[in-house]
């Protein structure tokens, strides 16, 4: 097990608004963490974990939210990364980070099979994306809703 898994999971709780039990239930916590670590590389991921540990050390939830909004998201270094992480949880795909981010970090442009390319990391990433859960809907073609469910009004 990754020694930073708990830190990663607790930060994802903060940025998604879903409790850890729901995120665990998606089955993609480890996949998402590995993807992030592969994209950032060892030096940047160490800095990222230091940053999010300072956020998580705040005991008040509103202070954690404020720190994320005022410090993490506006950061040219980690703002695009956290935005992508939110996208990964809610939409089930990773978008290649912008050229200016790569120039700032000296990270190479991802190749066609690299973690940093725009892609859906796994079937589960699509199936368990939080957008459908939030909408109380099912991902098309992935979770059965029952015959004729398309004809009924959503809840």
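Residue by residue, here is whether (1) over 18 Å from residue 89 (Cβ atoms); (2) out of contact with any helix residue (DSSP H, G or I) (no Cβ under 7 Å at 6 or more places or on another chain) holds:
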residue	(1), (2)
36	no, no
46	yes, yes
53	yes, no
58	yes, no
75	yes, yes
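For residue 74, which of the numbered conditions (1) at pLDDT 95 or above; (2) under 25 Å from residue 6 (Cβ atoms) fails to hold?
Of everything listed in (1) at pLDDT 95 or above; (2) under 25 Å from residue 6 (Cβ atoms), residue 74 misses just condition (2).
In region 89-108, is there at least one residue being touching a helix residue (DSSP H, G or I) at 6+ places or on another chain (Cβ under 8 Å), without any contact (Cβ under 8 Å) to a residue 24 or more places away in the chain and closer than 24 Å to residue 133 by Cα?
Among the residues of region 89-108, at least one is touching a helix residue (DSSP H, G or I) at 6+ places or on another chain (Cβ under 8 Å), without any contact (Cβ under 8 Å) to a residue 24 or more places away in the chain and closer than 24 Å to residue 133 by Cα, which makes the answer yes.
Just to be sure before I move on: is residue 63 over 19 Å from the mean Cα position of the chain (by Cα) and farther than 19 Å from residue 5 by Cα in the structure I sent?
Details: over 19 Å from the mean Cα position of the chain (by Cα): yes; farther than 19 Å from residue 5 by Cα: yes.
Criteria met by residue 63.
Has region 90-101 got any residue that is in contact with a strand residue (DSSP E or B) (Cβ under 8 Å, 6 or more places away or on another chain) and modelled with pLDDT of 95 or more?
The answer is yes; a qualifying residue exists.
When you go through (1) touching a residue at least 24 places away in the same chain (Cβ under 8 Å); (2) touching a helix residue (DSSP H, G or I) at 6+ places or on another chain (Cβ under 6 Å); (3) under 30 Å from residue 139 (Cα atoms) one by one for residue 80, which number turns out not to apply?
The single condition residue 80 does not satisfy is (1).
The values are calculated or read from the model by the stated rules, or taken from the named source; none is laboratory data. Every value quoted in this text rests on a predicted model; they were computed, and no experiment measured them. Ideal geometry is used to build each Cβ from the backbone, glycine not excepted, and the neighbour counts take in all protein chains shown.
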